[in-house]
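Asker: If you scroll down you'll find the structure; I have some questions about it.
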Amino acid sequence: AGKRPLQGLCVMITAGPTREAIDPVRYLSNHSSGKMGYALAQAAVEAGAKVTLVSGPVSLDAPLGCERVLIQTAQQMHNAVTERIAKTDIFIGCAAVSDYRPSLCEEQKIKKTDKDKLTLTLVKNPDILGDVAALSHPPFTLGFAAETQQVKQYAQHKLVNKKLDMIAANDVSKQNIGFNSDMNALNVYWATGETSLPITDKLNLARQLLELVAAKYKEK
Ligand code: C5P
């Protein structure tokens with residue numbers, strides 16, 4: 001391993017939320033702050049990697065030394081990733097991608113009417129991480145799972161289903177960790193093992209997680 005365990009490797013990281021337009025002034029999104037993905041990007045730069053950070057809208061500066069690609073929607077994130085994936089050695093899906101988007105974006109602002117109900121029809125977004133892992137020559141893939149219950153079962157299910165090399169799960173039902181917090185704890189699973197990284201700040205956690213990724217990448 002040594003001090004720069006990702007020296008010379010290309011790492012791509014998705015981070016933050018996506019925004020799915022409903023009309024010119026409204027969107028669907030979620031509470032992702034992007035902090036974990038940005039911490040991973042910084043830690044990957046420190047570890048010697050060439051880092052591409054594909055990020056949804058967040059209020060964070062790009063870590064020094066990484067290339068940031070800013071996008072809004074899941075489809076734009078999918079395109080940005082697909083265009084740049086060829087030389088990637090390690091792909092980390094840390095973004096909180098909207099699973100669904102409005103089936104159409106209204107051209108004009110939706111007006112309030114006398115009706116008490118308004119129905120939005122949603123359609124499924126592409127699974128960015130799943131599509132990367134399904135490539136004929138996929139990079140090493142690390143996914144995240146935010147669960148509120150049965151963390152281990154759901155995470156391991158995702159590992160197998162999406163054909164990932166590794167998955168990091170956080171229990172978002174616990175206060176003080178996960179979304180928007182500066183602290184986090186992770187349970188990490190791969191095909192033949194698991195480990196837990198106890199609660200610490202996200203940069204420290206990112207460094208530990210990348211050491212694990214570097215070790216497993218080299219075994220592969
Ligand atoms: O299936 P689920 O959304 O729980 O999986 C979470 C993992 O998949 C995360 O790593 C997330 O970044 C990634 N993901 C993705 N594209 C989606 C949905 C999730 O890359 N449309």
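Asker: Under the condition of being touching a Ser or Thr at 6+ places or on another chain (Cβ under 8 Å) and surrounded by 19 or more Cβ atoms within 10 Å (Cβ to Cβ), which residue from segment 70-89 is farthest from D182 (Cα to Cα)?
Answerer: For segment 70-89, the residue satisfying everything is T88.
Asker: Which of the residues belonging to segment 161-218 are assigned to a helix (DSSP H, G or I), surrounded by 15 or more Cβ atoms within 10 Å (Cβ to Cβ) and within 15 Å of the ligand (Cβ to nearest atom)?
Answerer: If the condition is that a residue be assigned to a helix (DSSP H, G or I), surrounded by 15 or more Cβ atoms within 10 Å (Cβ to Cβ) and within 15 Å of the ligand (Cβ to nearest atom), then A206, L209, V213 are the ones that fit.
Asker: Being in contact (Cβ under 8 Å) with a residue 12 or more places away in the chain, within 16 Å of the ligand (Cβ to nearest atom) and either surrounded by fewer than 22 Cβ atoms within 10 Å (Cβ to Cβ) or not in a loop (DSSP other than H, G, I, E, B) (or both) narrows it down to one residue among I92, I110; which is it?
Answerer: I92
Asker: Additional query: If K152 meets every condition in (1) assigned to a strand (DSSP E or B); (2) surrounded by 11 or more Cβ atoms within 10 Å (Cβ to Cβ) apart from one, which number is that one?
Answerer: So the condition that K152 fails would be (1).
Asker: Aliphatic (A, V, I, L, M) and within 17 Å of the chain's Cα centre (by Cα) - does that describe any residue in segment 25-36? Outline the logic, then answer.
Answerer: Going through segment 25-36, the residues aliphatic (A, V, I, L, M) turn out to be 25, 28, 36.
Right, trim to within 17 Å of the chain's Cα centre (by Cα) and you get 36.
Yes, segment 25-36 contains a residue that is aliphatic (A, V, I, L, M) and within 17 Å of the chain's Cα centre (by Cα).
Asker: Another question, then. Have a look at A44, A62, A39, A21 and point out the one that is among the small types (G, A, S) and in a loop (DSSP other than H, G, I, E, B).
Answerer: Every option except A62 fails the conditions.
Asker: Let me ask something additional. Quick one: would you say L142 is within 12 Å of the ligand (Cβ to nearest atom) and assigned to a helix (DSSP H, G or I)?
Answerer: No: the conditions fail for L142.
Asker: Now for a separate question. Filter segment 113-127 down to residues that are of a type outside the set (V, I, T) and either in contact (Cβ under 8 Å) with a residue 12 or more places away in the chain or surrounded by 19 or more Cβ atoms within 10 Å (Cβ to Cβ) (or both), then give me how many there are.
Answerer: From segment 113-127, those of a type outside the set (V, I, T) are 114-118, 120, 122, 124-127; that's our starting set.
When the remaining residues are screened for being either in contact (Cβ under 8 Å) with a residue 12 or more places away in the chain or surrounded by 19 or more Cβ atoms within 10 Å (Cβ to Cβ) (or both), the result is 120, 122, 124-127.
Residues meeting the conditions: 6.
Asker: Residues being part of a loop (DSSP other than H, G, I, E, B) and of a type in the set (S, T, Y): count how many of those fall in segment 1-18.
Answerer: Here is the first cut: in segment 1-18, the residues part of a loop (DSSP other than H, G, I, E, B) are 1-9, 16, 18.
This time we only want the ones that are of a type in the set (S, T, Y), so: 18.
Residues that pass the stated criteria total 1.
Asker: Residues of segment 176-193 being more than 17 Å from K220 (Cβ to Cβ), touching a strand residue (DSSP E or B) at 6+ places or on another chain (Cβ under 9 Å) and in contact (Cβ under 8 Å) with a residue 24 or more places away in the chain, which ones? Reasoning before the result, please.
Answerer: The initial filter retains those residues of segment 176-193 that are more than 17 Å from K220 (Cβ to Cβ), namely 176-187.
Imposing the further condition that a residue be touching a strand residue (DSSP E or B) at 6+ places or on another chain (Cβ under 9 Å) reduces the set to 176-179, 182-187.
The answer is G178, F179, D182, N184, N187.
Asker: Which numbered condition in (1) modelled with pLDDT of 95 or more; (2) over 18 Å from G37 (Cβ atoms); (3) in contact with a Phe, Trp or Tyr (Cβ under 8 Å, 6 or more places away or on another chain); (4) of a type outside the set (G, A, S) is the only one that M166 fails?
Answerer: M166 satisfies all of (1) modelled with pLDDT of 95 or more; (2) over 18 Å from G37 (Cβ atoms); (3) in contact with a Phe, Trp or Tyr (Cβ under 8 Å, 6 or more places away or on another chain); (4) of a type outside the set (G, A, S) except (2).
The values are calculated or read from the model by the stated rules, or taken from the named source; none is laboratory data. This structure is a prediction, so every number in the text was calculated from the model and none was measured. Cβ coordinates were reconstructed from backbone atoms using ideal geometry, including for glycine residues, and neighbour counts include every protein chain displayed.
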